[in-house]
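**Q** Mind having a look at this structure? Questions to follow.
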Amino acid sequence: MWIAVTREVSPALGNCELSYVPREAIDVASASAQHRDYQRVLETLGCRLLMLPVEAELPDSVFVEDVAIVLDEVAVLTWPGALSRRAEVTSVAEVLRRFRPVLAIEAPGTLDGGDVLRVGRTLYVGESARSNAEGIAQLRELLAGHGYAVQGVPTHGCLHLKSAVTQLDDNTLLLQPAWVDRELFARFRIIEVDPAEPHAANVLRIGDALVMPASFPRTRQRLLDAGFHVIAVDVSELQKAEGAVTCCSLVFRADE
Ligand code: CIR
């Protein structure tokens, strides 16, 4: 079965970190309602939800993806690049210990889970303002014995690698060519985001379904035309916090 770890939206979400989007007022009640709808979609796709209690003092704590990487054999806790996000790790670590042996990135290494795109046994890791060379080297070392290759990927103009590229099926990626070099992914079939929707490359794949923000109808149409099963969710308030769909859950298989 699938497990999806999520966390309630913090009432302090308005004080979130922002890098590439301008600060706008965030309606926390509506962000919470959108997050509930998102979680319902994950349930309809067969995920069992493990919802962590709210962390009122941690504005970005709903974005659980950034604090851990969960692989089949092991989980790796990150050391988030933003100082304000480091206290998010502890409670996620506790829940992951129920399912996997847990390893950890340590300072001075930094890494955000949003920078980690797993395709098969390769982890592409964004070289971003959040994930430094030391963090990427530590990840490589931690996972070498588990049969994973870790490959650094330069990013520019976006928060995380998965703002720029995510996986659609075993052989296909959705990519924003302005933020990552598509030649680095030449072995895959590439679908590009619609140029009018620069932030549309972040989709969450669960089984054969793709969850994506409702605000990108043109890119959604490209995916529908390519034969994908797409579910649109309204995450407009969370997008104001520079979040999208992969960032709000940690989805992995468990035997339970
Ligand atoms: C941050 O800047 O850390 C948050 N405001 C947004 C994090 C989004 N995370 C993700 O896409 N993996």
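**Q** May I ask you to list the residues in the range 192-240 that are of a type in the set (D, E, K, R) and not in a strand (DSSP E or B)?
**A** 194, 197, 208, 218, 220, 222, 225, 234, 237, 240
**Q** Give me the residue from the range 241-256 that is away from the ligand (no atom under 11 Å from the Cβ) and part of a strand (DSSP E or B) and, out of that set, farthest from the chain's Cα centre (by Cα).
**A** 253
Residue-wise test of (1) in contact with a His (Cβ under 6 Å, 6 or more places away or on another chain); (2) closer than 25 Å to residue 142 by Cα; (3) more than 11 Å from the ligand (Cβ to nearest atom).
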site	(1), (2), (3)
9	yes, no, yes
15	no, no, no
23	no, no, no
28	no, no, yes
47	no, no, yes
57	no, no, yes
71	no, yes, yes
75	no, yes, yes
82	no, yes, no
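**Q** Note down all Cβ pairs under 6 Å where the first residue falls in the range 235-256 and is closer than 16 Å to residue 10 by Cβ, the second is within 10 Å of the ligand (Cβ to nearest atom) and small (Gly, Ala, Ser), and they're at least six residues apart or on different chains.
**A** Cβ pairs passing all conditions: 247/114.
**Q** Would you mind listing the strands (runs of 3 or more DSSP E) fully within the range 127-186 where at least 3 residues are loosely packed, with under 15 Cβ neighbours inside 10 Å?
**A** Qualifying strands (runs of 3 or more DSSP E): 149-154.
**Q** So which pairs qualify, if the first residue must be in the range 194-216 and on the phi < 0 side of the Ramachandran plot, the second must be aromatic (Phe, Trp, Tyr) and surrounded by 18 or more Cβ atoms within 10 Å (Cβ to Cβ), the Cβ gap must be under 6 Å, and the two must be at least 6 apart or on different chains?
**A** Filtered contacts from the range 194-216: 197/216; 200/216; 210/228.
**Q** Search the range 110-121 for residues being closer than 13 Å to residue 69 by Cβ and of a type outside the set (A, V, I, L, M), and hand back the single one that is surrounded by the most Cβ atoms within 10 Å (Cβ to Cβ).
**A** Top of the filtered list is 115.
**Q** Please go through the range 1-35 and give me each residue that is assigned to a helix (DSSP H, G or I) and surrounded by 14 or more Cβ atoms within 10 Å (Cβ to Cβ), ordered by number.
**A** Of everything in the range 1-35, those that are assigned to a helix (DSSP H, G or I) and surrounded by 14 or more Cβ atoms within 10 Å (Cβ to Cβ) turn out to be 13, 14, 15, 28, 30, 31, 32, 33, 34, 35.
**Q** Only residues in the range 27-40 that are under 16 Å from residue 204 (Cβ atoms) and modelled with pLDDT of 95 or more count as the first member; pair them with residues that are in a helix (DSSP H, G or I) and hydroxyl-bearing (Ser, Thr, Tyr), Cβ under 8 angstrom, at least 6 apart or cross-chain, and list the lot.
**A** 34/236
**Q** I'd like to check something: does the range 64-74 contain any residue that is touching a strand residue (DSSP E or B) at 6+ places or on another chain (Cβ under 7 Å) and more than 20 Å from residue 117 (Cα to Cα)?
**A** no
**Q** Another question, then. Of all residues in the range 112-124, which are in contact (Cβ under 8 Å) with a residue 40 or more places away in the chain and either more than 16 Å from the ligand (Cβ to nearest atom) or aliphatic (A, V, I, L, M) (or both)?
**A** 116, 117, 119, 120, 123 - these are the residues of the range 112-124 that are in contact (Cβ under 8 Å) with a residue 40 or more places away in the chain and either more than 16 Å from the ligand (Cβ to nearest atom) or aliphatic (A, V, I, L, M) (or both).
**Q** Tell me the residue from 56, 107, 87 that is assigned to a helix (DSSP H, G or I), hydrophobic (A, V, I, L, M, F, W, C) and in contact (Cβ under 8 Å) with a residue 24 or more places away in the chain, please.
**A** Matching residue, one of 56, 107, 87: 87.
The values are calculated or read from the model by the stated rules, or taken from the named source; none is laboratory data. Here the structure is a predicted model, which means the values were calculated and not measured. FYI the Cβ positions are ideal-geometry reconstructions off the backbone, even for glycines, and counts take in every protein chain you see.
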